[in-house]
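Chemist: Here it is, the structure, as structure tokens.
The values are calculated or read from the model by the stated rules, or taken from the named source; none is laboratory data. In this text, all values refer to a predicted model and were calculated from it rather than measured experimentally. Every residue, glycine as well, gets a Cβ built from its backbone with ideal geometry; the counts of neighbours run over all protein chains shown.
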Amino acid sequence: MPRTERDLEHLLRPSSAGVGLEVVAVEPHAAQLVVARLEPGRYQLDVGDRRVECEHGGGPVAIEVDGLAADREHAVALRDGDLVLARGRLRTSRAPAGAVLSRIATISDLHLGRDTYRASMVADARDDPRSGVPGDGRDVDGHGTDGRDAATRVTVHQDRASRCARAAVREAVAWGAELIVVKGDICEETFDETWDLAAEVLGEVDVPIMLLPGNHDTGSLRRFEPEHGAAERGLELIRGVDHHDLPGLRVVAVDSTVPGTSRGEIAGHAADVADLVRDVRGGGGAFVATHHQPQRWSTPLYWPPGIPGPDARRFARAVRAANPAVLASSGHTHRNRHRRVAGLDWSEVAATSHFPAVWAGYTVYEGGLHQSVRRIAEPGVLAWSEHSRRMLAGLWALWSAGSASDRSFTLDW
């Protein structure tokens, strides 16, 4: 088994040491597990009475297990033949009442254009160096190549954040998302080059997209307003409030940015949002998406600053009074968290662009909603997110990952 230097996460969260078997996401009938470190070989993952065989080339791997019984505890064991490498337990979620009506997904904190790097790849006629996603000859940081139809090995510049975001969207759509909500910080800065990247990543998506700005999109380092850059590239960025209806759910997008600053404001939109969620009362629930997280106090006690507490509570009280069947969700903090703000359920979901490199899926039932935050499973992205996991000597992983209940939970309408 590969040796790793012990950091603070390994010491304070012992399950992250060794092979690093982690239960990332649970749903009523499925789970995603990640193993941080494996040698090449063939492995078996047992979850209850379900077994998944995994032929792995080495490094981190994400494993999906389905067909599980809902609301039940399952024993977990990772095996190399007769040798048990790691054990654990997981509990699948309780499903809300009724049938599944629809699914949506969110991503946030893409930071496109933040992280360009040189990559060597084997190119063929189908390679597109602009996208960072090659054809048969795949780039070397995580995929390898079989060399079919290869003409030559070339060096191109790629944007790692774009690769993460593209993989997140692709996996969310494959999971069944009928709408993608992007909760801000689409670009690192608002320039032509970064919005060109946004058009490449988001312009190829086959389901509707709701785009919200974040503080990086509206910050002082911008050449034009982000909604103009988006519109010029065939994208629509929401400034103010907008909504999209799916079976059983109204999705309301709220711009929380204060241009030129990192902080947020949202109470000014409370009346408009309350009107929108009131309209669906008794006929389903609502999902309210924004960029900034609510602070407890007026003064931020940690970075980054969000929505001052009094402002956030005024918003939350107005929305909950209009319809208690609401989940609000934000990004900005690059961590996973679930709490209540003035009685309103509110989740924070971490970034796509580095550890834990996630997207969130929401399954809408007749009687409620289920959230499940998943690691991006694409091998090269997973390798990058595991590398970035060790920022701040492991403290970043302890802060950003959140607990199992922060990532996966059920709300009843």
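Chemist: Exactly one of these conditions fails for His243: (1) touching a Leu at 6+ places or on another chain (Cβ under 6 Å); (2) of a type outside the set (Asp, Glu); (3) touching a residue at least 40 places away in the same chain (Cβ under 8 Å); (4) crowded, with 20+ Cβ neighbours inside 10 Å. Give me its number.
Modeler: (3)
Chemist: Then there is this: Kindly list, by first and then second residue, each pair from a residue in the stretch 326-351 that is over 20 Å from Thr257 (Cα atoms) to a residue that is at pLDDT 95 or above and of a type in the set (Val, Ile, Thr), limited to pairs with Cβ atoms under 7 Å and residues at least 6 apart or on different chains.
Modeler: Qualifying pairs under 7 Å: Val326/Val277; Val326/Val288; Val326/Val319; Asn336/Val349; Asn336/Val373; Leu344/Val319; Leu344/Val326.
Chemist: Here's another thing I want to ask about it. What pairs can you find where one residue is in the stretch 192-211 and closer than 24 Å to Arg103 by Cα, the other is in a helix (DSSP H, G or I) and aromatic (Phe, Trp, Tyr), and their Cβ atoms are less than 8 Å apart, with a gap of 6+ or different chains?
Modeler: none
Chemist: Can you tell me which residue among Ala70, Ala77, Ala31, Ala62 is touching an Asp or Glu at 6+ places or on another chain (Cβ under 9 Å), outside the structural domain of Val381 (by TED's automatic domain parsing), closer than 30 Å to Gly285 by Cα and in a strand (DSSP E or B)?
Modeler: From the options Ala70, Ala77, Ala31, Ala62, the qualifying one is Ala31.
Chemist: Then there's this: Within the stretch 280-300, restricting attention to residues that are in contact with a helix residue (DSSP H, G or I) (Cβ under 8 Å, 6 or more places away or on another chain) and either part of a loop (DSSP other than H, G, I, E, B) or at pLDDT below 95 (or both), which residue is nearest to Leu212 (Cα to Cα)?
Modeler: Gln295
Chemist: Tell me which residues, restricted to the stretch 301-317, are assigned to a loop (DSSP other than H, G, I, E, B) and surrounded by fewer than 17 Cβ atoms within 10 Å (Cβ to Cβ). I'd like the intermediate steps shown before the answer.
Modeler: First, pick out the residues of the stretch 301-317 that are assigned to a loop (DSSP other than H, G, I, E, B): 301-306, 308.
Leu301, Tyr302, Trp303, Pro304, listed by residue number.
Chemist: Further question on the same structure: Scan the stretch 184-226 residue by residue and report those that are outside any loop (DSSP other than H, G, I, E, B) and crowded, with 23+ Cβ neighbours inside 10 Å.
Modeler: Once the filter is applied, which keeps residues that are outside any loop (DSSP other than H, G, I, E, B) and crowded, with 23+ Cβ neighbours inside 10 Å, the stretch 184-226 yields Cys187, Thr190, Thr194, Trp195, Leu197, Ala198, Val201, Leu202, Leu212, Pro226.
Chemist: Could you check the stretch 41-59 and list, in sequence order, the residues that are out of contact with any Asp or Glu (no Cβ under 7 Å at 6 or more places or on another chain), outside any strand (DSSP E or B) and either closer than 25 Å to Arg13 by Cα or among the charged types (D, E, K, R) (or both)?
Modeler: Gly48, Asp49, Gly59
Rundown of residues vs (1) modelled with pLDDT under 95; (2) surrounded by fewer than 20 Cβ atoms within 10 Å (Cβ to Cβ); (3) in contact with a Phe, Trp or Tyr (Cβ under 6 Å, 6 or more places away or on another chain), yes/no style:
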residue	(1), (2), (3)
Gln371	no, no, yes
Arg375	no, no, no
Ala383	no, yes, no
Met391	yes, yes, no
Ala397	yes, no, no
Ser408	no, no, no
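Chemist: Can you list the strands (runs of 3 or more DSSP E) lying wholly within the stretch 318-413 that have 3 or more residues being under 20 Å from His216 (Cβ atoms) and within 11 Å of the chain's Cα centre (by Cα)? Spell out the reasoning first.
Modeler: On the way: elements: 326-330, 337-341, 344-348, 358-365, 368-375, 408-412.
Where strands (runs of 3 or more DSSP E) fall fully within the stretch 318-413 and carry at least 3 residues being under 20 Å from His216 (Cβ atoms) and within 11 Å of the chain's Cα centre (by Cα), they are 358-365.
Chemist: For the stretch 80-113, enumerate the residues that are of a type in the set (Asp, Glu) and either under 30 Å from Lys183 (Cα atoms) or not assigned by TED's automatic domain parsing to the domain that holds Val47 (or both). Give the steps one after another, and end with the answer.
Modeler: So the first thing to find is which residues in the stretch 80-113 are of a type in the set (Asp, Glu), and the list is 80, 82, 109.
Listed by number, the list holds a single entry, Asp109.
Chemist: Give me the residue from the stretch 79-111 that is touching a Leu at 6+ places or on another chain (Cβ under 6 Å) and of a type outside the set (Gly, Ala, Ser) and, out of that set, farthest from Thr363 (Cα to Cα).
Modeler: Leu85
Chemist: Determine which single condition Gly282 fails, assuming it passes every other condition in (1) farther than 30 Å from Ser102 by Cβ; (2) surrounded by fewer than 21 Cβ atoms within 10 Å (Cβ to Cβ); (3) without any contact (Cβ under 8 Å) to a residue 40 or more places away in the chain.
Modeler: (1)
Chemist: Can you pull out the residues in the stretch 254-274 that are in a loop (DSSP other than H, G, I, E, B), surrounded by 20 or more Cβ atoms within 10 Å (Cβ to Cβ) and free of Cβ contacts under 8 Å to residues at least 60 places away in the same chain?
Modeler: Applying the first criterion (in a loop (DSSP other than H, G, I, E, B)) to the stretch 254-274 yields 255-256, 258-263, 265-266.
Going one step further and asking which of them are surrounded by 20 or more Cβ atoms within 10 Å (Cβ to Cβ), we end up with 255-256, 266.
Passing the criteria: Asp255, Ile266.
Chemist: On the given criteria, is Val277 in a helix (DSSP H, G or I), within 20 Å of Leu101 (Cα to Cα) and not hydroxyl-bearing (Ser, Thr, Tyr)? Walk me through it before giving the result.
Modeler: On the way: in a helix (DSSP H, G or I): yes; within 20 Å of Leu101 (Cα to Cα): yes; not hydroxyl-bearing (Ser, Thr, Tyr): yes.
Judged against the criteria, Val277 is a match.
Chemist: Among the small types (Gly, Ala, Ser) and either farther than 17 Å from Ser330 by Cα or not assigned by TED's automatic domain parsing to the domain that holds Ser329 (or both), is that true of Gly260?
Modeler: Numbers: among the small types (Gly, Ala, Ser): yes; either farther than 17 Å from Ser330 by Cα or not assigned by TED's automatic domain parsing to the domain that holds Ser329 (or both): yes.
The answer is yes for Gly260.
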